[in-house]
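Undergrad: One structure follows; several queries about it will come next.
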Amino acid sequence: MQALPAADAENPHARRATPMGWWLLAPMLIWLALFVVAPLLILVVYSFCSRDDLGRVVFDFTWTNYARVFDDTYLKILARSVGYAALTTLICVAAGFPAGWFIARRPPAVRNRLLLLVMIPFWTSFLIRTYAWIAILKSEGLLNATLLSARVIPQPLELLYTPVAVVIGLVYAYLPFMILPVYGSAEKLDNALVEAAHDLGAGPLRAFSEVIIPLTWPGIAAGVLLVFVPAIGMFAITDLMGGAKVAMIGNVIQNQVFKARNLPFAAALGVVFTLLFVASYLALQWRGRRARA
């Protein structure tokens, strides 16, 4: 029997790419080249430039911008950004996985209605939703009024313009991006595998950790990327709900571009942000390989 090529040996049902397939793929490849690869290359080039006394970009090769990125001030902001994004991601996983799993286990008619409820926030503007949270969390807002009426608290809570408000805004903005990928993986999971694990003596915790989590890991990993990476660079929520008191890396990049007019330093921060995305992706891929092993 003739040996299959390496790629076909891993997946005997894989089909070779045809010219028609490449033509169908061409629009996406062109889009990626124009709006992903080209801007990223420009970002890298600008990050090695400098700025003259008039604020103009000088195309020379310097590591000054990267040295400034690793200054104590910006390292603290970067660490704070990663911390807030990690906390947001953990909360979204804790809340989004049960929600996605629950939706995936419902009958199709109920499932569609529940998915519609998850998608409803996207029907309104992001800024309108953020301002709605400001109205809820402010001292005279709905939350404090409810708690005061119920005599749960003696005086209004100062929630707005605090780190708590920033985390609430981030979780609210990105929770659907965790629920939907988890739902996609959980909906494809064969429930017979979970029942088989129980039949073989696995308890609920072991079946969850050794069967459900590995089989739904692609959805979890996709949700983590869709939440963690954008949450690091988010600046609108930190400005509006944090009162510009909780600076994150996205706020620094925005200020460097529009206020300081320091494009090379902003580009260096952008490159570091991109490297964080790559590191997150590689870490999730490594974790996925371990889960499948």
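Undergrad: Would a scan of the stretch 104-124 turn up a residue that is among the hydrophobic types (A, V, I, L, M, F, W, C) and more than 26 Å from the chain's Cα centre (by Cα)?
TA: yes
Undergrad: Another one. If you scan the stretch 163-187, which residues turn out to be among the small types (Gly, Ala, Ser) and over 12 Å from the mean Cα position of the chain (by Cα)?
TA: Passing the criteria: Ala165, Gly169, Gly184, Ser185, Ala186.
Okay, residues lined up against (1) surrounded by fewer than 19 Cβ atoms within 10 Å (Cβ to Cβ); (2) of a type outside the set (S, T, N, Q); (3) in contact with a strand residue (DSSP E or B) (Cβ under 9 Å, 6 or more places away or on another chain); (4) within 16 Å of Lys76 (Cα to Cα):
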| site | (1), (2), (3), (4) |
| --- | --- |
| Met241 | no, yes, no, no |
| Gly250 | no, yes, no, yes |
| Ile253 | no, yes, no, yes |
| Lys259 | yes, yes, no, no |
| Leu263 | no, yes, yes, no |
| Ala266 | no, yes, no, no |
| Leu269 | no, yes, no, yes |
| Thr274 | yes, no, no, no |
| Arg287 | yes, yes, no, no |
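Undergrad: Scan the stretch 4-21 and tell me whether some residue there is more than 30 Å from Leu189 (Cα to Cα), of a type in the set (Ser, Thr, Tyr) and at pLDDT 90 or above.
TA: Within the stretch 4-21, not a single residue is more than 30 Å from Leu189 (Cα to Cα), of a type in the set (Ser, Thr, Tyr) and at pLDDT 90 or above.
Undergrad: Residues that are over 20 Å from Gly169 (Cβ atoms), more than 16 Å from the chain's Cα centre (by Cα) and touching a residue at least 12 places away in the same chain (Cβ under 8 Å): find the helices (runs of 4 or more DSSP H) completely inside the stretch 223-293 holding 3 or more of those.
TA: In the stretch 223-293, 263-292 are the helices (runs of 4 or more DSSP H) which contain 3 or more residues that are over 20 Å from Gly169 (Cβ atoms), more than 16 Å from the chain's Cα centre (by Cα) and touching a residue at least 12 places away in the same chain (Cβ under 8 Å).
Undergrad: If Val171 satisfies every condition in (1) in a helix (DSSP H, G or I); (2) in contact with an Asp or Glu (Cβ under 9 Å, 6 or more places away or on another chain) but one, which is the exception?
TA: With respect to (1) in a helix (DSSP H, G or I); (2) in contact with an Asp or Glu (Cβ under 9 Å, 6 or more places away or on another chain), Val171 is out only on (2).
Undergrad: A further question follows. Scan the stretch 116-138 for residues that are surrounded by 16 or more Cβ atoms within 10 Å (Cβ to Cβ) and farther than 17 Å from Tyr161 by Cα and jot them down.
TA: Of everything in the stretch 116-138, just one residue is surrounded by 16 or more Cβ atoms within 10 Å (Cβ to Cβ) and farther than 17 Å from Tyr161 by Cα, namely Val118.
Undergrad: Can you list the helices (runs of 4 or more DSSP H) found entirely within the stretch 68-166 that contain at least 1 residues being in contact with a Lys or Arg (Cβ under 6 Å, 6 or more places away or on another chain) and more than 30 Å from Ala279 (Cβ to Cβ)?
TA: The helices (runs of 4 or more DSSP H) meeting that bar are 72-104.
The values are calculated or read from the model by the stated rules, or taken from the named source; none is laboratory data. Note that the structure is predicted; figures quoted are calculated from it, not measured. Cβ coordinates were reconstructed from backbone atoms using ideal geometry, including for glycine residues, and neighbour counts include every protein chain displayed.
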